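The values are calculated or read from the model by the stated rules, or taken from the named source; none is laboratory data. If you're wondering where the values come from, they're calculated on a predicted model, not measured in any experiment. Note: ideal-geometry Cβ built from the backbone for every residue, glycine included; neighbour counts use all protein chains shown. The protein model used for the area step is the full one, side chains on, heavy atoms only, and it has no ligands, DNA or RNA in it. Shrake-Rupley method; radii C 1.70, N 1.55, O 1.52, S 1.80 Å.
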Amino acid sequence: MVNWDEIENYAKHWIKEAGERIRDSFKMELVIETKSNPDDLVTNMDKETEQYFIEKIHETFPTHKILGEEGFGDKIQSLSGITWIIDPIDGTMNFIHQQRNFAISVAVYEDGVGQIGLIYDVIHDELYHARKGKGAYFNSTKIKPLEDVPLEKAIVAINATWVTENKRIDPKILIPIVNAVRGTRSYGSAALEMAYLVTGRIDVYITMRLSPWDFAAGVVLLNEVGGVITTLDGKPLNLLTENSVFVARPNLHQEIFSNFLKRK
Ligand code: IPD
Ligand code: CA
Ligand code: CA
């Protein structure tokens, strides 16, 4: 029998400790490098944080697999067994430019099913956490299930990239959604955007390209409050590849999908 309480306690302890190391790093100079393009940034703290988790997990749970953004974990071909999915710093551009609006995202899945989801807002010392079937929490406060919100009162998180010419979607599909809602926001951290949706601060989140470590923890939280997450085509997310992502309160997911996204 898997002792999920034990895994959760370790995960929470490690995420807080990793956050403290990141806060301490502000006193030191950052080493900034680029990855796939000049705007795809990584720092020594992204790498060190991922390595910190890997060391702890290997030491404590040697049979568990790890999928981490920076590639220090395992080469994952399937989600059989227990897999940790880690984004050591989600919102690296914010981390570098603003020293805020970033998070550590840690999820633990068993045979492809999310069991634990943690999103830690390091600067505010705010932990969003959930266990499958046990509810979602903001620090020690239980988060209420998501209620319906009318489209015209909704706030949508969307990056301006997707409503201008881009390679992934015809902006004409998304512009009517932006016009129909109350307002838009973009925070630059997918994990925080999902945490904000779970806590009702935003109502919809649309993006064209996320990796499993960006949304794995968010999915566990979202399931506990009745949020709906699919690709923009309305299909389930694949935890081994990149996906487009459409997250919303249940009524808004249904309404936006039927009226704006579904191919007619
Ligand atoms: C990025 C952030 C950003 C999202 C990108 C992600 P990173 O993660 O979540 O908000 O739009 O797609 O790659 O690179 O800062 O971990
Ligand atoms: Ca990320
Ligand atoms: Ca990252």
Where Leu30 falls short, out of the listed (1) open to solvent by less than 70 Å² (accessible area, probe 1.4 Å); (2) under 18 Å from Leu67 (Cβ atoms): (2)
Residue in segment 43-53 that is more than 14 Å from ligand 3 (Cβ to nearest atom) and under 19 Å from Asp214 (Cβ atoms) present: no
Members of segment 162-214 found to be touching a helix residue (DSSP H, G or I) at 6+ places or on another chain (Cβ under 6 Å), closer than 19 Å to Ile119 by Cα and open to solvent by 50 Å² or more (accessible area, probe 1.4 Å), listed by number: Tyr187
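Quick test for you: out of Thr241, Thr207, Thr161, pick the one residue that is within 16 Å of ligand 2 (Cβ to nearest atom), within 30 Å of Glu70 (Cβ to Cβ), in a loop (DSSP other than H, G, I, E, B) and among the β-branched types (Val, Ile, Thr).
Only one candidate qualifies: Thr241.
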Phe257, sole failed condition from (1) away from ligand 1 (no atom under 16 Å from the Cβ); (2) in contact with a Ser or Thr (Cβ under 9 Å, 6 or more places away or on another chain); (3) assigned to a loop (DSSP other than H, G, I, E, B): (3)
Ile54 being touching a Gly at 6+ places or on another chain (Cβ under 8 Å), of a type outside the set (Ser, Thr, Tyr) and surrounded by 16 or more Cβ atoms within 10 Å (Cβ to Cβ): yes
Residue check for Val108: crowded, with 24+ Cβ neighbours inside 10 Å, at pLDDT 95 or above and away from ligand 3 (no atom under 16 Å from the Cβ): yes
Residue in segment 224-243 that is open to solvent by less than 50 Å² (accessible area, probe 1.4 Å) and over 19 Å from the mean Cα position of the chain (by Cα) present: no
Given (1) within 16 Å of ligand 2 (Cβ to nearest atom); (2) over 14 Å from Val108 (Cβ atoms); (3) not charged (D, E, K, R), number of the condition Phe53 does not satisfy: (2)
All strands (runs of 3 or more DSSP E) inside segment 29-102 with 1 or more residues being more than 13 Å from ligand 1 (Cβ to nearest atom): 65-68, 82-90
Tally, over segment 1-27, of residues that are of a type outside the set (Phe, Trp, Tyr) and surrounded by 18 or more Cβ atoms within 10 Å (Cβ to Cβ): 7
Some residue of segment 169-186 being under 19 Å from Arg100 (Cα atoms) and touching a residue at least 24 places away in the same chain (Cβ under 8 Å): yes
Condition check for Leu79: within 15 Å of ligand 2 (Cβ to nearest atom) and either farther than 17 Å from Tyr120 by Cα or among the charged types (D, E, K, R) (or both): no
Selection from segment 244-254 of residues that are within 16 Å of ligand 1 (Cβ to nearest atom), open to solvent by less than 20 Å² (accessible area, probe 1.4 Å) and over 12 Å from the mean Cα position of the chain (by Cα): Phe246
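How many residues are assigned to a loop (DSSP other than H, G, I, E, B) and within 16 Å of ligand 2 (Cβ to nearest atom) when one looks only at segment 164-198? Walk me through how you get there before you give the answer.
Pass one, segment 164-198, residues assigned to a loop (DSSP other than H, G, I, E, B): 164-170, 181-182, 186-189.
With within 16 Å of ligand 2 (Cβ to nearest atom) added as a condition, the list becomes 186-189.
Result for segment 164-198: 4.
So which residues in segment 216-238 are within 16 Å of ligand 3 (Cβ to nearest atom) and within 18 Å of Leu146 (Cα to Cα), if there are any at all?
Ala217, Gly218
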Among the candidates Ile66, Ile86, residue that is free of Cβ contacts under 8 Å to residues at least 24 places away in the same chain and of a type in the set (A, V, I, L, M): Ile66
